[in-house]
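Bear in mind these aren't lab numbers, they're just calculated from the coordinates by the rules spelled out. Predicted model only: the values in this text are computed from it and were never measured. Note that we place each Cβ from the backbone using ideal geometry, even for glycine, and neighbour counts take in every protein chain shown.
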Amino acid sequence: YSFSRTVFDAWERHNSDDIRFCLLVIINAYITPVSTLKNLRAKGFSTLNCMVTNCGPQILNCLLDPNCRKALQCLNNCSPVDQKNNCLELDAKIPEKPDVTPMAEFRGEKLSSEIAEDLFVGWLGTLEWSWRVVAGQNPAYDQFPCQYQLFYRGKARGSFCVLDNGVVSNEFWTIVDVSDDLSWGLFHYHGAARVAGQSYTGAVLVSPDGQYPAEKEKQRLISALDRCGIKEWELFNVDNCSCENAPLGIPDGSSLHSKIQVNEQTHSSV
């Protein structure tokens with residue numbers, strides 16, 4: 001996967017994260033090594049040895065098959081990622097930056113762990129979901145339509161879970177801001193797919209019905225985005241026009257709010 005192809009593909013995605021990635025790739029190639037890009041390349045002989053050890057017969061069968069050989073030649077043009085035996089010896093870490101400051105208080109009370117978890121739980125209980133994503137900053141994770149998010153306290157003591165359209169994730173989330181009436185919120189996240197060698201960050205603007213916050217909230221929202229180092233134009237609007245049959249529901253024995261009250265309001269699903 002050539003240097004020029006890497007830069008070109010990222011540039012063509014036309015978003016701020018990939019433009020920054022392009023610059024880092026150039027710096028890494030011509031100026032000084034960039035630690036965050038260490039997973040762009042495989043680890044030579046140890047990688048080959050791992051592949052032969054774990055998948056030797058499959059590799060041989062593929063080399064003997066004309067169509068499979070052709071597919072391998074095609075894959076040589078792809079950026080390498082590993083999802084199984086970690087033959088590429090990748091070990092992505094959750095990024096430490098940007099260092100986003102969480103909101104300090106909610107409804108006049110200092111933000112505690114219990115209140116923070118309640119804010120993530122959001123509308124779950126009154127509605128079938130905690131929040132719906134209005135817009136997101138990460139082009140890989142936040143662009144797809146109809147994003148229902150469910151945060152809840154797990155059955156195990158001290159556990160807290162999130163279901164993102166049916167997928168369980170382990171990430172570090174920050175509550176940047178949530179309005180007192182829970183009409184909207186801004187959450188920032190850091191994560192890593194360790195054996196895929198990919199670290200990521202992003203932010204999601206959420207509301208109970210997937211609608212953008214009222215105009216009167218605009219300055220507060222922009223201020224919250226600024227604390228994440230994000231401009232409003234970087235957000236990708238989520239298509240919530242036709243959303244049905246989402247995989248909603250939480251395990252039996254899970255619990256929801258512990259401190260805050262969620263006022264019952266009527267919200268239409270868009």
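Label-to-label distance for PHE8 and TRP233 is 2.7 nm, based on points extended 7 Å past Cα in the beta-carbon direction.
Classify segment 115-236 as rounded, prolate or oblate, taking a ≥ b ≥ c as the square roots of the eigenvalues of its Cα gyration tensor: rounded when a/c is under 1.5, otherwise prolate if a/b is larger than b/c and oblate if not. It comes out oblate by the Cα gyration axes.
Mind giving me the nanometre distance, one decimal, between the label points for ASN54 and ASP252, set 7 Å out from Cα along Cα→Cβ? Distance between the two pseudo-spin positions: 3.8 nm. The slack in the chain from GLN219 to CYS68, taken as 0.36 nm per residue of separation less the alpha-carbon distance, amounts to 48.8 nm.
One decimal place: the segment ILE31-GLN261 gains 77.4 nm when fully extended, by the rule 0.36 nm per residue minus the C-alpha distance.
Over 27 Å apart at the Cα level, from the set LYS93/LYS231; LYS155/LYS231; LYS97/LYS155, are LYS155/LYS231; LYS97/LYS155.
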